[in-house]
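The structure under discussion appears below in the form of structure tokens.
The values are calculated or read from the model by the stated rules, or taken from the named source; none is laboratory data. Just so we're clear, the structure is a prediction, and the values are computed from it rather than from any experiment. Here the Cβ positions follow ideal geometry from the backbone for every residue, glycine too, while neighbour counts run over all protein chains shown.
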Amino acid sequence: MQNIKSTIILFISVASLSMLVSCKKQLDVKNPNQPTLASASTETGVISLAQGGVYIAGFTANGLPGGYYDGVVGAFWDGAVGFHELMGDEIGQEAANAYLNQIGCPFSVTLDNSTVIPNPNSPQSQLTLLRQINLNGNLGQNPLYYEWTFSYNINNTCNSILSIVDNVAFSGDANTKINTIKAWCYWWKGYAYSRIGSIYYAGLINDTANSTNANFLAKEKIIAEANSNFDKASSILSGLTENSDYDDVLGKLIPQIFQVGKGGILSPAMWIRNINTFEARNILVNTRVKDMTSAQWASIASLTSNGVQVDDLVFTGRSNDNGDFISASDGTVAARATGNPGSISFPVSERLIQDFEPGDKRLDNNFIQLSTPWIGPSDRGNVFNTRWQLVDGGNGMNGVVVLSNKNSGDYELYLATTYEENQLMAAEAKIYTGDIDGGLTLIDEVRDYQGAGLAHVSGTGLTLDQAKEELRRERRVALAFRGFSFYDARRWGVLDDVSQGGGRTGCVVVDNSGNVNTNATINYNFLDYWDVPDNELAYNPPAAGSDPVKNPK
């Protein structure tokens, strides 16, 4: 676990970051600045620490040590997730904070007339950039730092809770309360290890609070540890019966302002289904499609068959007037992508718009086309230009999903798994194992669920390649701004250099003269898994026998 003054994160002051519940406080960690677990030795204290240590230390800039915060997009849901969406080409960026303008800048773009537009920093590739800037001295300007730190903050919180919860005196059904808290900890530990193993080439496994080790392990081992923690949570939940004490504890762990819409107090069965969907994700997003085995497809099919259902509650987050967890105006990728491209952080990518099927109401309800293209600074990249604007609150089409809402409390941020993700993974497993129409039926279900208004593609005799394209486009559209675009582009090989079969052809690109190209080729040439951040290695060099901490690419 990260060594940079890391033991302070459990006790970070969140007294001023109280979540509002009918004007009452939430996310309130008792005695937050005292470096001891004594403040969590009571039922109220341990629940408060379990809540604040995840939601505040794990997802907000308040979980970062001084000096290690960029100040613009340093929090999790706009920063770390924003890096993913930039590399997945759902959004663009021209600002230089934390090198955002370069992280998502392709190696080259070939326009319709065969003109090749290189990266402005050519011959530098993204890989070269990431190696140059991965320095502890860059502090919050090192983009590799953020997801690592937030994830290990969560892990450390959960380790601390697990170390004391058995010794806390609980009222009522103590066994149910203790096991609910344990399930909470193993769920979030699984979540944290999943984030680490899905973006970094190596990581650390640590089950001891406020300590570290230098035994770096390969990403595959980190994902295995994630699933092991998920399995522990499932095992606990399978032995729980939902009663008033279960509801009481989980209802305090999850802030009340999150308990609306799809968020709420999950039953043990619902929670297990969320876990199953996440374990399916860990297989899918960390395996190249060309390398998937029949056993892996079977595992995904099995997990998603008991994954998140249409009426299940899931883990969500909301803003409030204080912006304690996220800011309504700029705390998420969607919020930062909303508005006129010339005045926002994340202009919408032409390639995202291109992936909507003709007649898709989700496009009509969420975007407007500008009268003239927005042209960004040419020295900041080569694919940022766009003709499209994401609309705040949608365009008023009933029954159609709204992708952005900047009113306080109105945007539902999905923290983990969803019904749409589960069904699209199940669809992919079917398509790649011969049940093409079965997969297309699930794609139709997702489109109907989101109000797309598209004619069904099942039963239309699509070929395997056509079904794969329907799936690819639907994952881009249905899961937009939820942090999947980079994972998918990586496993599909899109991020690889064109010399290795990567890149994307047939692209819509607005060049710097405002011309709309419709058959451009983008050579991304991005690093698939990031090196361990130097912010960790500077204080915690790998021990003998560690797995490599640098991607060999």
Under the condition of being surrounded by 24 or more Cβ atoms within 10 Å (Cβ to Cβ) and within 16 Å of the chain's Cα centre (by Cα), which residue from the range 303-330 is farthest from E428 (Cα to Cα)? F325
Looking only at the range 420-462, and only at residues there that are among the hydroxyl-bearing types (S, T, Y) and in contact (Cβ under 8 Å) with a residue 60 or more places away in the chain, the one that is surrounded by the fewest Cβ atoms within 10 Å (Cβ to Cβ): Y449
Does any residue of the range 71-86 turn out to be in contact with a Pro (Cβ under 9 Å, 6 or more places away or on another chain), at positive phi and modelled with pLDDT of 90 or more? no
Limited to the range 509-534, what total is found for residues that are part of a strand (DSSP E or B) and either touching a Leu at 6+ places or on another chain (Cβ under 7 Å) or farther than 16 Å from T110 by Cβ (or both)? 4
Every residue from the range 448-478 that is touching a Gly at 6+ places or on another chain (Cβ under 8 Å) and either closer than 16 Å to N366 by Cβ or modelled with pLDDT under 95 (or both): G451, G453, L454
Within the range 204-214, is even one residue out of contact with any helix residue (DSSP H, G or I) (no Cβ under 7 Å at 6 or more places or on another chain) and closer than 24 Å to F278 by Cα? yes
Residues in the range 283-338 that are assigned to a helix (DSSP H, G or I) and closer than 26 Å to S349 by Cα: how many? 6
If I ask for residues that are of a type in the set (A, V, I, L, M, F, W, C) and out of contact with any Gly (no Cβ under 6 Å at 6 or more places or on another chain), which ones from the range 144-165 would you list? L144, W148, C158, I161, L162, I164, V165
Output the residues belonging to the range 57-68 that are in contact (Cβ under 8 Å) with a residue 60 or more places away in the chain, surrounded by fewer than 22 Cβ atoms within 10 Å (Cβ to Cβ) and closer than 16 Å to F325 by Cα. none
Residues satisfying the stated conditions in the range 111-168, i.e. in contact with a Phe, Trp or Tyr (Cβ under 6 Å, 6 or more places away or on another chain), in a helix (DSSP H, G or I) and buried (at least 22 other Cβ atoms within 10 Å of the Cβ): Q126, G140, F150, I154, C158
Of everything in the range 333-388, what is basic (K, R) and over 24 Å from the mean Cα position of the chain (by Cα)? Give them in sequence order. K361, R380, R387
Out of the residues in the range 91-110 meeting the condition of being modelled with pLDDT under 90 and part of a loop (DSSP other than H, G, I, E, B), tell me which one is farthest from S513 (Cα to Cα). A96
